[in-house]
1. Can you tell me how many residues in segment 218-231 are part of a helix (DSSP H, G or I) and either farther than 27 Å from residue 156 by Cβ or free of Cβ contacts under 8 Å to residues at least 12 places away in the same chain (or both)?
2. From the set of residues in segment 38-93 that are in contact with a helix residue (DSSP H, G or I) (Cβ under 6 Å, 6 or more places away or on another chain) and without any contact (Cβ under 8 Å) to a residue 60 or more places away in the chain, which is surrounded by the fewest Cβ atoms within 10 Å (Cβ to Cβ)?
3. If I ask for residues that are in contact with a helix residue (DSSP H, G or I) (Cβ under 8 Å, 6 or more places away or on another chain) and not in a helix (DSSP H, G or I), which ones from segment 170-217 would you list?
4. Write out, first by first residue and then by second, each pair whose Cβ atoms fall under 9 Å of each other, whose residues are 6+ apart or on separate chains, and whose first residue, in segment 16-33, is among the aromatic types (Phe, Trp, Tyr) while the second is near the ligand (Cβ under 9 Å from one of its atoms) and not in a loop (DSSP other than H, G, I, E, B).
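The values are calculated or read from the model by the stated rules, or taken from the named source; none is laboratory data. Bear in mind that the values here come from a model prediction, so they are computed numbers and not experimental data. Every residue, glycine among them, receives a Cβ derived from its backbone with ideal geometry; neighbour counts consider all protein chains shown.
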Amino acid sequence: MGRSVVRAGAARCPGCSQPPRLCVCDLLPPVETAIAVHLLIHRHERNKPSSTGALVARTVNGCTSHLFQRATRHHPALGLAREAVNAGGEPWILDPAGEPLPAGAAATGSAHRPAVVIVDGTWREAGEMTRSLDGLGRRVCLADPGGRPGRYWLRDQPGPTHLSSAEALMGVLGAVGETAAEERLRLHFELHVYATLLARGRREMAERYLGDSPLLGAGRDALDRFHARSGGAA
Ligand SMILES: [Zn+2]
């Protein structure tokens, strides 16, 4: 277990894994997308409160989660089989070493529903998980974020190509022109980061985070309800 699992035994919301006072469930509508989202979640990742894979699984309608684990003496190998990704075409596999996702790749109006596979693990785990997907689809990468600083303030990110699962999916949604879904997911993501910083007792950092957040704009209602529930503004 990582050190992000704070205070063993403390109560957590079974939905969002936040302390009940900082629960972010039901504050925003779910994300609707034409893309079939498949998450390959590392066994070690699925119970971490900071995980954005769990966030995507909880907030994106129709998202399917698959558990990954390497075979050990005690566990059989688990992963993602081609049949599990029921796409008419070739699923996209996000991989920083892949080809750029074509701008404007049609998400709607094409003959079949596009599918994307996103791996969710630590950076070290992600390499092994991505290799387990060899032959399953077409490897694509996202356009360079252009030096914009990352907004995932919960873990150190070694470089701009190392995105959290939620940010990776936002990149895909943006690339295919699903901007409403991208913006909705961004609000869920920002609320998740903000609440987790507060849960860690990092109030000052949480306030700084909020300063540049779309939660102050399009997410204002959700933020107000969050503050009402948590007992006041941060
Ligand atoms: Zn909750």
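1. Final tally of qualifying residues: 8.
2. So the residue we want is 65.
3. The one that is in contact with a helix residue (DSSP H, G or I) (Cβ under 8 Å, 6 or more places away or on another chain) and not in a helix (DSSP H, G or I): 213.
4. none
For (1) charged (D, E, K, R); (2) more than 15 Å from the chain's Cα centre (by Cα); (3) modelled with pLDDT of 90 or more, each residue gets a yes or a no:
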| residue | (1), (2), (3) |
| --- | --- |
| 46 | yes, no, no |
| 52 | no, no, yes |
| 70 | yes, yes, no |
| 100 | no, yes, no |
